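Below is one structure, written out as structure tokens; comments come after it.
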């Protein structure tokens, strides 16, 4: 998308993800093989774990409040996904975040369905004060979390990612987090710079958990990276590249899932260089 085609981008023009830099970020991720503590949506736990394993990370879903803090100190990164939020899970999340912050571990907030329901919206805004490293959501979630709109239809976005970019920039400046607003084009911003990541396929929206899994991948890519903005954009690119390849060999949602896992497993740094050259 050109700057001229979207007036919201005039102040902060977006940057195409540089292939060589993305390749280096991917190689660094593979080298570290991070352990990711996932306090995530119960509907998507298996899919999320398989996505992380295919890419080369190690997932763990430790949800008991008495264990969450201890494990968060041992893991390399923490994912907080509020998709199936309840009081006990909220307590686990708060203790895990406190431990992650204490041990200087990056943590990612996925504000699932914020804006549509009061309890989760209030809780998500409470979490903003605990300084997430990254916030990853769809357009409606980012608009709602920033206070600019009410929210989407359940977990689905009713807004375009480009329309939510100004809200993402504001949210990034207010919280100090890198914010990724994902959709047909993913925009990743620290409030100043903006990366635009294209690719993927609409079929990815017909499979439960691709967005939630992306947030886990973002957490994994956030480990020991010198440029967090680049790392988050690279995570988005990895999912988009795998989605394109999976669609090319699948016939619908059922065959897409195993093809997607295989595509993630087979990604190499060179794929990011070729993708950068193509753009």
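Every read-out reported here was derived from the displayed coordinates using simple, explicitly stated rules and does not represent laboratory data. Please read all numbers here as calculations on a predicted model, not as lab measurements. Note that we place each Cβ from the backbone using ideal geometry, even for glycine, and neighbour counts take in every protein chain shown.
Some notes on this structure:
- Calculated FRET efficiency, residue 91 to residue 58, Cβ-Cβ distance, R0 = 22 Å: about 0.35 to the nearest 0.05.
- Burial ordering of 218, 247, fewest other beta-carbon atoms within 10 Å first: 247, 218
- Annotation: the antiparallel percentage among DSSP beta bridges lying fully within the chain is about 25.
- Per-residue Cβ neighbour rank within 10 angstrom, fewest leading, 239, 148: 148, 239
- Relative counts (whole %) of C-alpha pair distances in the stretch 9-278, using bins that are 5 Å wide: 1, 7, 14, 19, 21, 18, 12, 6, 1, 0
- Exposure proxy order (Cβ contacts within 10 Å, fewest to most) of 230, 145: 230, 145
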